[in-house]
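The values are calculated or read from the model by the stated rules, or taken from the named source; none is laboratory data. These numbers were taken from a predicted model, which means no experiment stands behind them. With ideal geometry, Cβ positions are generated from the backbone for all residues, glycine too; neighbour counts draw on all protein chains shown. Side chains are part of the model used for accessible areas, which takes the heavy atoms of the whole protein and leaves out ligands, DNA and RNA. Shrake-Rupley method; radii C 1.70, N 1.55, O 1.52, S 1.80 Å.
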Amino acid sequence: MTTIKRVAVIGCGTVGASWAALFLAHGLDVAAYDPSPGAEERLHSFVDHALDQLAELGIREKGELRFSGDLTDVLGAADFVQENVPEDEALKRRMLADIDALAAEGVIIASSTSALLRSSIVADCKTPHRFIVAHPFNPPHLVPLVELVGEDEGIVQQSAEFYRTLGRRPVILRREMPGHIANRLSSALYREAVYLVEQGVASVADIDAALCNGPGLRWAVMGPHMTYHLGGGPGGIEHYLAHLGPSQVRRWASLGNPTLSPEVQKQIVEGVAEEAGDRSIQELEERRDRALLKILKSRIEVAGKP
């Protein structure tokens, strides 16, 4: 794989700007493209703040950021492409086909799609084998996860190694799936959270608190399979499945399948408003990011890396 020194970031919304900051903080040069009005100013504002956050984690190299309204110009010298246009299949297909026609031969092109199938969005590309899905969790410059899907195993592995150099934790899907892994898990959990609201079991705030102050703490350390492995005591997961597996099956049978009716939506909106209080979206994002930074710093202290 060619040494990556220059990355093209296509689409500079929240995800694209966050990727750009991560690349820059690791000393990579970034050429950015986004045709929406005011995109350049929003990008620089986001990147400046994100670079300060990354500096708190000891990641403080600084590549050169360049913005252009010319897609050909942005792709011309790119060693790697990170595409982040809105989650619209027709738009993605057109953009990826354009990128395919303009990016140099052999350059890997990664799409940040959260739910679209890779096979669909590369359908109009002439060299689809070099395209991967690289789905991050927001904000990508702080949350390490990136989910990879591709048809060429060598390209997927090269991409995984590249993301590791950026302190990311790549996971590789053996086959494509709508929503990949993390969003499917999140959706399953959120479906039950909505069901609990629908059934009047608890307030929105208490449902959120039950997750954050209970399983969420454990899941920040290890996933569900390993958590239940420890739940089995000395016998591990084998003992857990043999003795407590039936209780899981009973709970699965009782899980709900809610509808987002106007009434349920109203309950959720009012519940979130009550939980948020007088804090704005910006204040809540800042609170989230401060907490993420503290978690990441603690991981660095323990493991020597985020």
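Working note: Cα atoms of the range 110-237, range along each principal axis, descending, whole Å: 52, 39, 28. When each of the peptides 62-75, 281-294 is scored by the mean number of other C-beta atoms lying within 10 Å of its residues, the order from highest to lowest reads 62-75, 281-294. Dipole magnitude for the range 1-59: about 260 debye, using +1 per Lys or Arg Cβ and -1 per Asp or Glu Cβ, origin at the Cα centre. Solvent exposure of the range 87-134, expressed per residue, is 42 Å² of accessible area, with all protein chains present and a 1.4 angstrom probe. With a Förster radius of 45 Å applied to the beta-carbon distance between Lys126 and Arg251, the computed FRET efficiency rounds to 0.35.
Here the Karplus curve 6.51 cos²θ - 1.76 cosθ + 1.60, taken at θ = phi - 60°, turns the phi angles of the range 110-117 into couplings of 10, 9, 8, 4, 9, 9, 6, 7 Hz, with x standing for Gly and Pro.
Partner aspartates and glutamates whose Cα lies under 12 Å from the Cα of Lys126, excluding those fewer than 8 positions away in the same chain, are identified as Asp98, Asp100, Glu105. Dipole orientation for the range 75-145: of the candidates His129, Val85, His141, His129 has the Cα lying most toward the positive pole (charges on Cβ; Lys, Arg +1; Asp, Glu -1). Excluding ligands, DNA and RNA, the accessible surface per residue across the range 1-57 is 40 Å² with a 1.4 Å probe. Across the chain, C-alpha contacts under 8 Å between residues 6 or more apart give a mean separation that, scaled by the residue count, equals a relative contact order of 13 percent. Taking the accessible area of the range 119-245, probe 1.4 Å, and keeping the other protein chains in place, the carbon and sulfur fraction comes to 59%. Placing +1 on the Cβ of every Lys and Arg and -1 on the Cβ of every Asp and Glu, with no other charges, gives the chain a dipole of roughly 1040 debye about its Cα centre. Considering helices alone, the calculated mean residue ellipticity of the chain at 222 nm is -16500 deg cm²/dmol, with DSSP H runs of length four and up weighted by -39500 (n - 2.57) and normalised per residue. Taking the average, over residues, of other Cβ atoms within 10 Å as the packing measure, peptides 119-129, 21-31, 95-105 rank 21-31, 95-105, 119-129 from highest down. Pairwise Cα separations in the range 229-270 fall into 5 Å bins from 0 onward with the following percentages, short to long: 6, 20, 13, 12, 10, 9, 9, 12, 8, 1.
The amide H of Ser111, built 1.01 Å from its N in the peptide plane, has Glu83, Ile132, Val133, Ala134 as neighbours under 5 Å, considering only residues 5 or more places off or on other chains.
Taking Val269, Val47, Val146 in turn, the Gaussian network model of the chain (Cα-Cα springs below 10 Å) assigns the largest fluctuation to Val269. All other residues whose Cβ lies under 15 angstrom from that of Gly106 are scored, Lys and Arg at +1 and Asp and Glu at -1, for a net of 0.
When ligands, DNA and RNA are left out and all protein chains stay put, how many square angstrom of accessible area per residue does the range 212-306 have with a 1.4 Å probe?
Using a 1.4 Å probe on heavy atoms only, each residue of the range 212-306 averages 78 Å².
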